[in-house]
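Quick notes on the structure that follows.
The values are calculated or read from the model by the stated rules, or taken from the named source; none is laboratory data. Keep in mind it's a predicted model, so treat the numbers as computed, not measured. So basically every Cβ, Gly included, is an ideal-geometry build from the backbone, and we count neighbours across all protein chains shown. Keep in mind that these areas ignore ligands, DNA and RNA; they rest on the heavy atoms of the full protein, side chains included. Shrake-Rupley method; radii C 1.70, N 1.55, O 1.52, S 1.80 Å.
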Amino acid sequence: MADLVRVYSSGNTFDGELTRGRLEAEGIPVMMKGEGEGPYRAGPVDLWVPADREADARAVLSAIERGEFAVDDDDVGAAPDDAADGSDA
């Protein structure tokens, strides 16, 4: 299995699911880990991608933060503060 890199962390499971969906829609494989797994999806989550796709994933996360995927003006700037923390642990 390829080495994985954490590219996103959130205390909000819903934001994690949305972000995972966008990354996967862009063709980036994602593994979601954290307390948001299981039947009671609540708690922090981390998104991990293969190390060789890290740059692509970070570009998508930056585009999300800039509002490039926004449907309307209310969506721009709605990204959580803890998105894309830049750590790889």
I need the full set of residues from region 27-36 which are at pLDDT below 95 and either more than 12 Å from the chain's Cα centre (by Cα) or in a loop (DSSP other than H, G, I, E, B) (or both), in order please.
34, 35, 36
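With respect to residue 68, determine if the residue is exposed (fewer than 14 other Cβ atoms within 10 Å of the Cβ) and either modelled with pLDDT of 95 or more or assigned to a loop (DSSP other than H, G, I, E, B) (or both).
Against the criterion (exposed (fewer than 14 other Cβ atoms within 10 Å of the Cβ) and either modelled with pLDDT of 95 or more or assigned to a loop (DSSP other than H, G, I, E, B) (or both)), residue 68 qualifies.
Checking the condition at pLDDT 65 or above and either of a type in the set (Ser, Thr, Tyr) or open to solvent by 40 Å² or more (accessible area, probe 1.4 Å) (or both), which residue from 78, 2, 57, 63 passes? It would help to see each step written out before you state the result.
Details: 78 fails: at pLDDT 65 or above; 57 fails: either of a type in the set (Ser, Thr, Tyr) or open to solvent by 40 Å² or more (accessible area, probe 1.4 Å) (or both); 63 fails: either of a type in the set (Ser, Thr, Tyr) or open to solvent by 40 Å² or more (accessible area, probe 1.4 Å) (or both).
None of the others qualify; the one that does is 2.
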Scan of region 37-54 for residues that are aliphatic (A, V, I, L, M) and either modelled with pLDDT of 90 or more or under 15 Å from residue 24 (Cβ atoms) (or both), ordered by number
45, 47, 49, 51
